[in-house]
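Report on the following structure.
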Amino acid sequence: MSRRFDLIVFDWDGTLFDSTASIVRCIQAAVRDVGGQPPSDVTAAYVIGLGLAQALAHAAPDVPPERQAELGARYRHHYAQHQNDLSLFAGVLPMLAQLRARQHLLAIATGKSRGGLDQALQSVDLQGVFNASRTADQTAGKPDPLMLHELFAELGVPAQRALMVGDTTHDLLMARHAGCASLGVSYGAHEPEAFDALGPLHVAHSVADLAQWLQAHG
């Protein structure tokens, strides 16, 4: 079957996993716990996809450096309380099954930690679905292209045969830096108007829209 892309790389939070609102609340609660000014919903959502330390430093600039470790610990505490309340977006499982049936390689590039991603994959029974993955604590965080370059090398796929799918400008900018195509989704952390300058091939407004585009053009 003819394919435009051999490898499809997905962001996790806000793209496959319905966690944006929960992450925003956990960031705000963590900042409040250490005495900082909680960021707005927009500011907290903007940092989703970045590595945790980078995200929290941006979201809480008034928290001094010596309290950043405590801030990270408080975020992890709050997130752990709600991890089991979260789930994949409806339609993700059949979409992934359809892509695997077409012999696409599948990967994840995420700002989560290795442990956090492994726990999330186990919670939704997705172990073994993805051919490879990279997390922010294993390599450089977004929008640095290193995690994509490492995935391309591991799976033996040139950049021009890969597609990055994400819900943030961090994802699309990483794809641009890595020399691969990108596709945005509007139902996650960032407003889709911000995607235009980064040239995604498409902006999907639902998982059904995403699956349909990938079936027709992927």
- Note on the structure: If you go through GLY14, GLY36, the only one that is surrounded by 14 or more Cβ atoms within 10 Å (Cβ to Cβ) and not assigned by TED's automatic domain parsing to the domain that holds LEU172 is GLY36
- Determine the pairs where a residue that is closer than 19 Å to LEU99 by Cβ, located within region 130-144, has a partner that is charged (D, E, K, R) with Cβ atoms under 8 Å apart, the partner being 6 or more residues away or on another chain. ALA132/GLU154; ARG134/GLU150
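Residue by residue, here is whether (1) modelled with pLDDT of 90 or more; (2) part of a helix (DSSP H, G or I); (3) not small (Gly, Ala, Ser) holds:
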| position | (1), (2), (3) |
| --- | --- |
| PHE5 | yes, no, yes |
| VAL9 | yes, no, yes |
| PRO38 | yes, no, yes |
| ALA55 | no, yes, no |
| ARG67 | yes, yes, yes |
| GLU70 | yes, yes, yes |
| ARG100 | yes, yes, yes |
- Message: Just checking, does region 196-204 include any residue being out of contact with any Ser or Thr (no Cβ under 9 Å at 6 or more places or on another chain), at negative phi, modelled with pLDDT of 95 or more and small (Gly, Ala, Ser)?
- Response: no
- Item | Single match in VAL157, VAL165 (criterion: closer than 17 Å to SER19 by Cβ and either touching a residue at least 60 places away in the same chain (Cβ under 8 Å) or surrounded by 24 or more Cβ atoms within 10 Å (Cβ to Cβ) (or both)) | VAL165
- Message: Out of everything in region 40-53 that is part of a helix (DSSP H, G or I) and touching a residue at least 12 places away in the same chain (Cβ under 8 Å), what residue ends up being farthest from ALA175 (Cα to Cα)?
- Response: ASP41
- Message: Can you tell me which residue is farthest from LEU52 (Cα to Cα) among those in region 84-103 that are in contact with a helix residue (DSSP H, G or I) (Cβ under 8 Å, 6 or more places away or on another chain) and surrounded by 16 or more Cβ atoms within 10 Å (Cβ to Cβ)?
- Response: LEU99
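The values are calculated or read from the model by the stated rules, or taken from the named source; none is laboratory data. These numbers come from a predicted model, not from an experiment. Note: ideal-geometry Cβ built from the backbone for every residue, glycine included; neighbour counts use all protein chains shown.
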